[in-house]
Amino acid sequence: MENGRSTDDPGQQHAMDALLTEIRCGHTCAMQQPPGRRPVLQASTRSRLLIVSQAPGRKVEESGIPFNDVSGERLRDWLQIDRATFYDADRVAIVPMDFCYPGKGRSGDLPPRPACAAIWHPRLFALLGQVRLTLAIGQYAQVGMLGDARDATLTDTVRNWRTHLARGVLPLPHPSPRNRPWVMHNPWFEAELLPVLRERVAAALRAPG
């Protein structure tokens, strides 16, 4: 996504601020959301790491803070960054596939609604001109960011992370505690992928020059 735009372009940041206001004020109407739903995301034209996730859970929606839960603690451990860095929009953009909590299903939260990404992502991503690394967390984010380039299963997509990283996208499983068995059954994730993830994240966040 890097396109050489200046990190200090006031026009671009003004456009981003206006877009975020539009999303936060008009998203529920555009998506025909019930009262009480609110979008949860963060972004700046200066963001250098883009985290594309699935959708906020109930606790995150209530707080209005992305990944403000156990999954967020685990994700920050994977990335080896602290809360201050994680929640600095000038360094980290967090853009879910669905900005609002999608509701509860039979076996957990409902999947993200495709219309959300279709409406807002193109405009958001066009303003994220300084992103050096994109993380696609979970199956739905990988569908959105990799499209037909993804593999048949989430495990295969994450296992082939080297191929996808060459395109600037690093696929990851969701850091939910429910996925601990997946990590245990795929030891290569912690042994091979996490060290590279941490190295690439540190490089992406490093101040220019």
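Where a number appears in this text, it was derived from the coordinates with a stated rule and is not lab data. Note that the structure is predicted; figures quoted are calculated from it, not measured. Note that each Cβ is placed from the backbone with ideal geometry, even for glycine, and that neighbours are counted across all protein chains shown.
Go ahead and estimate [θ] at 222 nm for the chain from helices alone: -39,500 (n - 2.57) per DSSP H run with n ≥ 4, summed, over the residue count, rounded to 500.
Values: 10 runs with 92 residues, N = 209.
Rounded to the nearest 500, the figure is -12500 deg cm²/dmol.
Please compute the length gained on full extension between residue 196 and residue 88, using 0.36 nm multiplied by the number of residues separating them and subtracting their Cα-Cα distance. Write out the running numbers ahead of the final one.
Values: separation 108, 0.36 × 108 = 38.88 nm, distance 2.22 nm.
Extra length from residue 196 to residue 88 when fully extended: 36.7 nm.
For the chain, give the share of DSSP beta bridges that are antiparallel, in percent and rounded to the nearest 5; count only bridges with both residues there.
Values: 3 of 14 bridges.
That works out to approximately 20 percent antiparallel.
Taking just the alpha-carbon atoms of the range 14-170, what radius of gyration and Dmax come out, in angstrom?
According to the Cα coordinates of the range 14-170, Rg and Dmax are 15.0, 43 Å.
Kindly list the residues of the range 187-203 that lie in the label zone of residue 80, defined by a backbone N under 18 Å from the point 7 Å along the Cα-to-C-beta vector.
188-203
If we count other beta carbons within 10 Å of each Cβ, what is the order of 164, 14, 121, fewest first?
Arranged by neighbour count, lowest to highest, 164, 14, 121 become 14, 121, 164.
Once fully extended, how much extra length lies between residue 179 and residue 38, figured as 0.36 nm per residue of separation less the alpha-carbon to alpha-carbon distance?
Here the segment from residue 179 to residue 38 would lengthen by 48.1 nm.
Taking the Cα centre of the range 33-135 as the origin and placing charges on Cβ (Lys, Arg +1; Asp, Glu -1), which of 65, 52, 112 is farthest toward the positive end of the dipole?
112
Determine the dipole magnitude for the chain: charges of +1 sit on the beta-carbon of Lys and Arg, -1 on that of Asp and Glu, nothing else is charged, the reference point is the Cα centre, and the result goes in debye to the nearest 20.
Values: 26 positive and 21 negative charges, 56 e Å.
The calculation lands at about 260 debye.
List the pair-distance distribution P(r) of the range 150-209, using every Cα-Cα distance, as the percent of pairs falling in each 5 Å bin from 0 up to the bin containing the longest distance, rounded to whole percents.
4, 17, 26, 25, 16, 8, 3, 2, 0
Give the value in nm², to one decimal: projected area of the alpha carbon convex hull of the range 65-142, averaged over all directions.
Details: hull surface 23.6 nm².
Spelled out: convex hull of the Cα atoms, projected over all directions, averaged, 5.9 nm².
Need one number: nm distance between label points at residue 21 and residue 70, each 7 Å from Cα along Cα→Cβ, rounded to one decimal.
4.0 nm
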